[in-house]
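One structure, pasted below without further comment.
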Amino acid sequence: MNLSDIGTIEAESTHGQSGRAFRNVRQEQAARKLAEVTPLLTETLTHHWSTGQGTRVRHILWSLYSCSHLVNLGDACSGLDANLAQAVGTAIHARLKYGPEVEPLLGEILRVSGEFARFDREETATPEGLPVIYPPTPASAETLRQLAVAAEQRLKASCG
């Protein structure tokens, strides 16, 4: 298969009746796979929601569901073509399953792609004492201010 074949297959899979059928099959497969792991996710969030793992699962699932967290996985994962979505899913799966063992490979991807250099430029432009915001957050400055106020209120309520 060459690149022109891939383009043809992509066009066929996204347009017309065959495209709808293809999407329906993918949706059914995704739903089936998610249904298989639903008991584990539900158990974790029911009984272990406050543990380290439970907190991480909460962040990920809420981000996927509501698209309202700082790392907006729902938004970040939407709109990727099938190959790129598969690649990102593989990276997420590898990091979740193997933890820090995959960090060197992820680091190599970031280095070779120029991401570390772009981070360094952003770090240089960031005033001293402030955190580097990279990659740029999809949230506006106003949304971040509101989150800071909400976090302060939450902290006061839990300590008081």
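If R0 is 25 Å, what FRET efficiency do you get for E36 and A82 from their C-beta distance, rounded to 0.05?
The value I calculate is 0.75.
Follow-up question, since we're still on this one. How much length, in nm to one decimal, is gained on full extension between H48 and I60, taken as 0.36 nm per residue of separation minus their Cα-Cα distance?
2.8 nm
Something else about it: Under a Cβ-only charge scheme (Lys and Arg +1, Asp and Glu -1), can you give me the dipole magnitude of region 93-160 about the Cα centre, in debye to the nearest 20?
300 debye
Counting each pair of different Cα atoms once, what's the Kirkwood radius of the chain in Å, rounded to one decimal?
One over the average 1/r among Cα pairs gives 19.5 Å for the chain.
Here is a further query. With the crude spin-label approximation of a point 7 Å out along Cα→Cβ, what separation in nm comes out for L110 versus R26?
Taking the two extended label points, one gets 2.8 nm.
Figure the gain on full extension for L70 and Y98 (residue separation times 0.36 nm, minus the Cα-Cα span) and round it to one decimal in nm.
7.7 nm
I need to check one value: relative contact order of region 17-160, counting alpha carbon pairs closer than 8 Å and at least 6 residues apart, in percent.
Relative CO of region 17-160 lands at 11 percent.
Only the coordinates and a few stated rules stand behind these numbers; no lab work does. Bear in mind the structure is a predicted one, so any value in this text is a computation, not a measurement. No Cβ is skipped: glycine too gets one built from the backbone with ideal geometry, and neighbour counts run over all protein chains shown.
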